[in-house]
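Before any comments, here is the structure.
The values are calculated or read from the model by the stated rules, or taken from the named source; none is laboratory data. In this text, all values refer to a predicted model and were calculated from it rather than measured experimentally. Note that each Cβ is placed from the backbone with ideal geometry, even for glycine, and that neighbours are counted across all protein chains shown.
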Amino acid sequence: MSRDARLYVADIVAAGEAILRYTGGVTFEAFADNDEKRAAVERQVFVIGEAAARLPDDWKQKRPAVPWR
C-alpha cells in the first residue's frame, strides 16, 4: 500500500515551517556561523526533497506550476 500523496505534501509543509522557525530573526552571518542551525535546515531540505521525489508522477503532472525538480 502506498502512502497518500497528501501526507507527503504535509511533510513538505512541515519541513518548510521548521525552516522558517529555525531561521526566523537570524541574520545570514549568524546562520552561516551556526553549525547546528545549518545542519537542522539542511535536514529539512532533505525531507522536502525526499517527500517531493515520492509524490506520484500523475499527481505532479496535475500541478505544472510547481517546479518539482
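Take the residues in region 54-65 that are closer than 17 Å to LEU7 by Cβ and among the hydrophobic types (A, V, I, L, M, F, W, C); name whichever of them is surrounded by the fewest Cβ atoms within 10 Å (Cβ to Cβ).
TRP59
Quick one: MET1 ticks every box in (1) aliphatic (A, V, I, L, M); (2) in a loop (DSSP other than H, G, I, E, B); (3) at pLDDT 95 or above bar one, so which box is it?
(3)
Go through region 10-46 and report how many residues are surrounded by fewer than 15 Cβ atoms within 10 Å (Cβ to Cβ), in a helix (DSSP H, G or I) and among the hydrophobic types (A, V, I, L, M, F, W, C).
Residues that pass the stated criteria total 11.
Which pairs do you get when a residue that is closer than 19 Å to ILE19 by Cα, found in region 41-66, comes within reach of a residue that is of a type in the set (Val, Ile, Thr) and part of a helix (DSSP H, G or I), reach meaning Cβ atoms under 6 angstrom, with the pair 6+ apart or on two chains?
VAL41/ILE19; GLN44/ILE19; ILE48/ILE12; ALA51/ILE12
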